[in-house]
Amino acid sequence: MSDPTTAGSTAGAPHSDALVIFGFTGDLASKKIFPALYAMVKAGALTVPVIGVASSKWNTDQLHRRVRDSVERESGIDDPPAFDRLISLLRYVCGDYKDPATFTALKAALGRAERPAHYLAIPPALFATVIRSLGAAGLGGNARVIVEKPFGRDLASARELDAIAHSVFPELSIFRIDHYLGKEAIMNILYFRFANSFLEPIWNRDRVASVQVTLAESFGVGQRGGFYESAGCLRDVVENHLFQIVALLAMEPPAYQSFAAVHSAKSSVFHAMQPLTPGDVVRGQYAGYREERDVAADSDVETFCALRLFIDSWRWAGVPWYLRAGKRLPNTAVEVLVQLRPPPQKLFDDARPAMGRANYLRFRLQPTSAIALAARVKRQGKEFVGDQRELYLCEDAENGETTYQRLLGDAMAGDSALFTSQDAVEAAWAVVDPVLANHYAALPYAPGTWGPGAADALIAGDGGWHNPEQNPRTEA
Ligand code: BG6
């Protein structure tokens, strides 16, 4: 019989024999991690002890209730024996991350486990403290560390954090998570681009007029005001999630068949991005944000961010890339719109720009997944008039495997294909670094709108924003 802790490991890398989750009582754990653990147990992919660490003084009952509530709410419990198996794997260590005694207790809870994976689902300000303490307690060794984003607050702190991480863990044991990379629809960008040959001839500055990516969320910061105050929209989702999408769309074909080649091609995109200037960025803040819990009464933190960037590469020079993300927008959806140049000759009156976008590719990435190609087709009749139609190349229901299920499983198996490299992290920070502190004030916007008007002005010359609808079939 195969050892469940080594089955499925990558290239002989040993499987982690325990999973330690820092931030066990936090928002991320409750929203995404517990359902992922349940799914992993159900799939037979998690059979090792799971040790939660947090400062909340919870007893076993409270802890189990929290896990049950989370799984019931997020995914439902359709396999009660699997849920019981998950509960039987759980241990809990309560303590302050700054107190060495917490790590002594963790060591005891790990028992005979020799190769734990330490997952830091905690506020970024605590990453360094926990990593150093793991090292001091002798819990580095053969272990792996999985670090949530944002990795650092800027270029300098990302480098500093990397040095601290390397003082305890070798590079192969450091997993920098960006959960967007575990999303099926986002992996499909890579596949769609390079498994087809029809795209390549048009995928460049000659045929593409502009590209826009929107990550819209209809909810606010909720209980995460404290975190948000230290991050803001640019650090929270733009510099990582949206940049990763851009990298997959803009990268050159990987030079050879390996994820190392994919990483390198993506990093090159970040290196080729022009550093942002304040004029490229519109920051917004929804009305009512300052009344949220743990938010400063005079906060200038942005809950909305729209920006224009350029990639100085042979393929993309001169093509504007527009990125937009925000909370309390009208919908919750993520979409990419690649706007193709219009036909050079205006043969038909109805094909003028005023009639809408002529041709575009639309990638719907969330909450459903779809790829649509828009073209104008003639209506029946004598007149040469037509309508814009979308050809659906792919339309899927939400993927069965959750992103965290995939990513935690991969990290525990030592597979870093879907994690970000330090080179990419630093190159991405270098693009946003100039505007992290030096920017215009956040402009107010009403909840349920698409952000401040200045964001519309940013893209006005390129056909305006495409606002993703809840209905995935809605055309741009
Ligand atoms: C997280 C951000 O990384 O991504 C959140 O911290 C955001 O603010 C979330 O809501 C969006 O992720 P998803 O998978 O729900 O689109």
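Values for this structure:
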| quantity | calculated |
| --- | --- |
| In the stretch 210-237, the residues that are outside any helix (DSSP H, G or I) and touching an Asp or Glu at 6+ places or on another chain (Cβ under 7 Å) | SER210, THR214, GLY220, VAL221 |
| Test: GLY318 is open to solvent by 10 Å² or more (accessible area, probe 1.4 Å), at pLDDT 95 or above and of a type outside the set (Ser, Thr, Tyr) | yes |
| Cross-chain or 6+ apart pairs with Cβ under 8 Å, the stretch 167-185 first and farther than 13 Å from LEU418 by Cα and open to solvent by less than 20 Å² (accessible area, probe 1.4 Å), then in a loop (DSSP other than H, G, I, E, B) and within 13 Å of the ligand (Cβ to nearest atom) | ALA185/ASN399 |
| Every residue from the stretch 444-466 that is closer than 14 Å to ARG283 by Cβ and either open to solvent by 30 Å² or more (accessible area, probe 1.4 Å) or acidic (Asp, Glu) (or both) | PRO444, GLY453, ALA454, ALA457 |
| Strands (runs of 3 or more DSSP E) contained in the stretch 238-342 and holding at least 3 residues within 16 Å of the ligand (Cβ to nearest atom) and of a type in the set (A, V, I, L, M, F, W, C) | 333-340 |
| Yes/no for LEU126 being among the hydrophobic types (A, V, I, L, M, F, W, C), within 16 Å of the ligand (Cβ to nearest atom) and more than 15 Å from the chain's Cα centre (by Cα) | yes |
| Filter result (touching a His at 6+ places or on another chain (Cβ under 8 Å) and outside any loop (DSSP other than H, G, I, E, B)) within the stretch 368-413 | THR403, TYR404, LEU407, MET412 |
| The stretch 430-457: number of residues that are over 29 Å from PRO330 (Cα atoms) and either under 17 Å from the mean Cα position of the chain (by Cα) or hydrophobic (A, V, I, L, M, F, W, C) (or both) | 1 |
| Residues of the stretch 220-237 that turn out to be over 17 Å from ASP300 (Cβ atoms) and either more than 12 Å from the ligand (Cβ to nearest atom) or within 15 Å of the chain's Cα centre (by Cα) (or both), as a count | 1 |
| Scope the stretch 195-219; condition open to solvent by 10 Å² or more (accessible area, probe 1.4 Å) and within 13 Å of the ligand (Cβ to nearest atom); matching residues | GLU217, SER218, PHE219 |
| Subset of the stretch 434-451 that is of a type outside the set (A, V, I, L, M, F, W, C) and not in a strand (DSSP E or B) - its residue that is nearest to CYS305 (Cα to Cα) | GLY451 |
| Test: residue in the stretch 244-260 that is touching a Cys at 6+ places or on another chain (Cβ under 6 Å) and farther than 29 Å from TYR360 by Cα | no |
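One line per residue, one yes/no per condition, for (1) without any contact (Cβ under 8 Å) to a residue 60 or more places away in the chain; (2) part of a helix (DSSP H, G or I); (3) under 24 Å from ASP178 (Cα atoms):
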position	(1), (2), (3)
VAL20	no, no, yes
MET40	no, yes, yes
GLY52	yes, no, yes
HIS64	yes, yes, no
VAL67	yes, yes, yes
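The values are calculated or read from the model by the stated rules, or taken from the named source; none is laboratory data. None of these values were measured; they are calculated from a predicted model. All Cβ positions, even for glycine, are placed from backbone atoms using ideal geometry, and neighbour counts span all protein chains on display. Heavy atoms of the whole protein, side chains included, go into the accessibility calculation; ligands, DNA and RNA do not. Shrake-Rupley method; radii C 1.70, N 1.55, O 1.52, S 1.80 Å.
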